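These notes are about the structure you will find just below.
No lab work stands behind these numbers, since they all come straight from the coordinates. All figures in this text were calculated on a predicted structure; none of them were measured in a lab. Cβ coordinates were reconstructed from backbone atoms using ideal geometry, including for glycine residues, and neighbour counts include every protein chain displayed.
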Amino acid sequence: MADRNILYENAGELTSSCLDDILEGDYSFFDDENNYTEEYLLEYNFKTFSDGLTDCIIRHNYSGDINSANEKATFIKNKCNEKNIDLNSSVVKTWFNDKRPISSERSRENVYKLCFALGLTARETSEFFLKVYYECPFNFRIYQELIYYYCLNNSQSYSSACNLINKAKEILENSEAIQSVYELTTGIETDLKNIHTDDELLKFISQHSMDFLITNQTACRHAKRLIDECTELAKNECQSREEFHHKLGRSGNIDLLIYVLFGEDISDFKKDSSFSKAAEFPELVKSNFPLKMNLSKIKNGQKVSYETMRKSLILLSFYSYYAQLFQDADYEGFCALEEDFTDFVCETNDLLKTCGYPSLYVRNPFDWLIMHCGSREYPLDEFRNALNRYYLDHLQQYQQKIRLS
């Protein structure tokens, strides 16, 4: 069994407080008057992008009004002008009005520009992506992001990064490499830390060009394994639970898995009742949620976003861990809370690290939802309760609103 203290490693004051809430809080999504906090998920102390960015610029010499979006946006605009970085000031201003940049290539590029403008190091940039943007930093299979890491790690400018990107693009377009060297993306990062000159970097890119044509390979392999594992566990759960018996004809497929996860068949819901539209979860929970379409894409080897893959790995790990635990004939019937929860977190973090993704972060709303459910006596039931409360219970009201609009 893993030690509870491992959960608190490198956690700041607020993150530690969030972990305390999970481990010691007496609440659940089950509507029980003796054990429920009204709309807790919607009121939880998640870090907004505006708050995180404000904290960041204060650490980098901002001394203006912390409540003025205009002053803060002007500060960043001036930093960009000083370093010849083109970053739309209107977009920056929206960031200070609680409009989080979406998960997309363009937004990632804007956040990298921001980090260069503020003079962040590679480590600080990684922290900003993880704990403010809630995105995976530095995908080393993408040569542009590898070059950003190199430049930030060696105090080079954004202009230098753009120049190196153009040279690397030409190298890769003329490359004849046919074999990948790195099975794990983490190996690229390890070797990159020992590169300190532009010539060394471009030589490295030339020698390992095939590695920049492979993305998410390890993550996809593990996700496919987990999908097979989870669909089989879902079949077993259907066999053991009377209310799922009529679904056994779909054994082993993703529809069955989603049905078991939700406790209700959502496959026939109309488009205007879709999870992304009707659910009342925070946007950072709803976006790229691993439902049938995304899981099917992964199973079939199709490309998905990094956020989709990470969320899928977390959800699949959650279901796999607790379904196996409860299907064990020798198990006592409910979780030994801290011990089981800590083991789940450690196993999931090991999986994420292997796949090149950041560990669970309790101030990320999606991570918090899974961690909260994993800390309850009956984690899978708690997850279904959350889905019922913030999605299924809202459907009728939402459908009526659509009809009237």
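So the values come out like this:
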item: Residue-by-residue Karplus 3J(HN,Hα) for the stretch 369-386, coefficients 6.51, -1.76, 1.60, Hz, glycine and proline x; result: 4, 5, 5, 4, 4, x, 8, 8, 5, 10, x, 5, 5, 5, 5, 5, 4, 5
item: Separation in nanometres of the label points that stand 7 Å from Cα toward Cβ, at Arg59 and Met210; result: 4.0 nm
item: Rounded FRET efficiency, nearest 0.05, which uses the C-beta distance separating Ser104 from Ser296 and R0 of 25 Å; result: 0.70
item: Ser28 long-range amide H proximity, modeled H, under 5 Å; result: Tyr36, Thr37
item: Karplus-derived 3J(HN,Hα), 6.51/-1.76/1.60, for each residue of the stretch 103-112, Hz, glycine and proline x; result: 7, 7, 4, 5, 5, 4, 4, 4, 5, 4
item: Backbone HN-Hα couplings from phi across the stretch 77-83 [Karplus 6.51/-1.76/1.60, Hz, Gly and Pro as x]; result: 4, 5, 4, 5, 4, 4, 10
item: Stretch gain in nm, segment Asn84-Glu229, where the contour uses 0.36 nm per residue and the Cα spacing is subtracted; result: 47.1 nm
item: Relative contact order, percent, the stretch 140-214 [alpha-carbon distance under 8 Å, six or more residues apart]; result: 45 percent
item: Taking the stretch 39-136 and dividing mean pair separation by its residue count, relative contact order in percent (alpha carbons under 8 Å, at least six apart); result: 34 percent
item: Cut-off under 5 Å, modelled amide H: who pairs with Tyr391 long-range; result: Glu280
item: Shape call, the stretch 140-214: gyration tensor on alpha carbons, a/c limit 1.5; result: oblate
item: Which of Cys56, Cys18 has the fewest Cβ neighbours within 10 Å, and the rest in rising order; result: Cys56, Cys18
